[in-house]
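Presented below is the structure to which this report refers.
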């Protein structure tokens, strides 16, 4: 794997979000090139995870975007490889714990303070007001930093 600058990836993720990609796409697209995954394919695969999984407001898309990267860095693609599966799940739980430690939750509706209200599938218009009231760009940056640090830690080992 080629070397990379974490803060550059963090800013890439933030910029992707501010340019209209959803939270999951923004984190995934900040790192997809390290794994040889085409930009369009990466955007397509991660699109359903935005808005807390299809705007269900469940697990934050920025967090699930980082989980996708974890799946590439710590693969568990052989169902018979129990060690790989344990490693993969351990990393996912570590990423979630770190994000929760910083932000208080990994659940989209809790992070946005919208309670149990069900959201509809229509995305909000990305207006100047949207970006002022939504902290999502910062959550994207935090998730991108956390997964970048985990990758760097793994590469050192």
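The values are calculated or read from the model by the stated rules, or taken from the named source; none is laboratory data. Predicted, not measured: the structure shown is a model, and the values here were computed from it. Cβ sites come from the backbone with ideal geometry, for glycine too, and all protein chains shown count toward neighbours.
Below is a table of values for the structure above.
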| item | result |
| --- | --- |
| Scope the stretch 65-94; condition touching a residue at least 24 places away in the same chain (Cβ under 8 Å) and either more than 25 Å from residue 23 (Cα to Cα) or part of a helix (DSSP H, G or I) (or both); matching residues | 65, 66, 67, 68, 69, 70, 72, 73, 91, 92, 94 |
| Selection count, the stretch 106-116, where residues are outside any helix (DSSP H, G or I) and free of Cβ contacts under 8 Å to residues at least 40 places away in the same chain | 3 |
| Of residues in the stretch 133-157 being more than 27 Å from residue 57 (Cβ to Cβ) and touching a residue at least 60 places away in the same chain (Cβ under 8 Å), the one nearest to the chain's Cα centre (by Cα) | 151 |
| Residue in the stretch 33-64 that is surrounded by the most Cβ atoms within 10 Å (Cβ to Cβ), counting only those that are under 15 Å from the mean Cα position of the chain (by Cα) and part of a loop (DSSP other than H, G, I, E, B) | 60 |
| Selection count, the stretch 17-29, where residues are part of a helix (DSSP H, G or I) and touching a residue at least 60 places away in the same chain (Cβ under 8 Å) | 5 |
| Residue list for the stretch 3-16, filter: exposed (fewer than 14 other Cβ atoms within 10 Å of the Cβ) and in a helix (DSSP H, G or I) | 7, 8 |
| When residues of the stretch 51-64 are limited to those that are within 21 Å of residue 20 (Cβ to Cβ) and touching a strand residue (DSSP E or B) at 6+ places or on another chain (Cβ under 8 Å), the one modelled with the lowest pLDDT | 57 |
